[in-house]
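Visitor: Pasting a structure here, questions to come.
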Amino acid sequence: QVQLVESGGGLVQPGGSLRLSCTASGSILSINRMGWYRQTPGKERELVANIDNGRKSTYADSVKGRFTISKDNNKNTVYLQMNSLKPEDTAVYYCNARNVITDSGRVTYFLWGQGIQVTVSS
């Protein structure tokens with residue numbers, strides 16, 4: 001079974017920074033896209049940023065200029081550098097992997113991590 005393991009969450013003051021990491025473990029042949037979503041109570045899960053295997057990145061308008069997504073293909077790891085954090089960035093952040101192909105040929109179209117808390121105090 002392929003798993004996504006997240007780290008790097010925590011508590012910061014407004015204007016502070018955090019870096020989230022997510023590593024896909026297992027016998028993985030390829031991953032088409034990895035990224036980050038976030039969710040707060042009473043709201044739907046929303047895209048924060050993602051990056052495809054061609055290194056093209058996409059960002060939510062609310063985080064453009066503040067967040068940067070990157071990927072280490074050899075480690076199957078995606079990072080999210082979050083700068084100039086605002087209270088409205090407070091959420092549970094979920095790592096996501098799309099179209100994961102294992103060495104055995106098995107395909108997982110959409111895979112989620114457990115989620116990590118990011119809290120920006122006011």
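Visitor: State the three equivalent ellipsoid semi-axes of the chain, derived from the C-alpha gyration tensor as the square roots of 5 times its eigenvalues, in descending order and whole Å.
Guide: After diagonalising the Cα gyration tensor, the semi-axes are 26, 14, 12 Å.
Visitor: Measure off 7 Å from each Cα along the Cα-to-Cβ vector at residue 66 and residue 112, then give the distance between these two points in nanometres to one decimal.
Guide: Label at residue 66, label at residue 112, 2.4 nm between them.
Visitor: List the aspartates and glutamates whose Cα sits under 17 Å from the Cα of residue 75, skipping any in the same chain fewer than 8 residues away.
Guide: Leaving aside aspartates and glutamates fewer than 8 places away in the same chain, those within reach of residue 75 are 6, 52, 103.
Visitor: Further, regarding this structure: For residue 32 paired with residue 5, estimate the spin-label separation in nm (one decimal), with each label point 7 Å from Cα along the Cα-to-Cβ line.
Guide: Result: 2.7 nm between the two label points.
Visitor: Name all residues of the stretch 8-25 having a backbone nitrogen under 14 Å from the label point set 7 Å from the Cα of residue 83 along its Cα→Cβ direction, giving them as ranges.
Guide: Backbone N within reach: 15-19.
Visitor: Next question, about the same structure. Any idea what the relative contact order of the stretch 1-47 is, in percent, if you count C-alpha pairs under 8 Å spaced at least 6 apart?
Guide: Numbers: 42 pairs, mean separation 15.0, N = 47.
Once divided by the residue count of the stretch 1-47, the mean separation gives 32 percent.
Visitor: Working only with C-alpha atoms, what are the Rg and Dmax values of the stretch 10-69, expressed in angstrom?
Guide: 13.6, 40
Visitor: Roughly what would the spin-label model give for residue 40 and residue 101, points 7 Å off Cα along C-beta, in nm?
Guide: About 3.9 nm separates the two model spin labels.
Visitor: Sequence gap at least 6, Cα distance under 8 Å: using those rules, report the relative contact order of the stretch 51-92 to the nearest whole percent.
Guide: This gives 30 percent for the stretch 51-92.
Visitor: Compute the Cα gyration tensor for the stretch 75-116, then decide on rounded, prolate or oblate, letting a ≥ b ≥ c be the square roots of its eigenvalues: rounded whenever a/c is under 1.5, prolate when a/b is larger than b/c in the other cases, and oblate in all that remain.
Guide: Prolate shape, in that a/c is at least 1.5 and a/b is the bigger ratio.
Visitor: What number, in percent, do you get for the relative contact order of the chain if the mean sequence gap of Cα pairs under 8 Å and at least 6 apart is divided by its residue count?
Guide: 35 percent
Values in this text are rule-based calculations from the coordinates and carry no lab data. Just so it is clear, the model here is predicted, and its values are computed rather than measured. Positions of Cβ are backbone-derived with ideal geometry, glycine not excepted, and every protein chain shown enters the neighbour counts.
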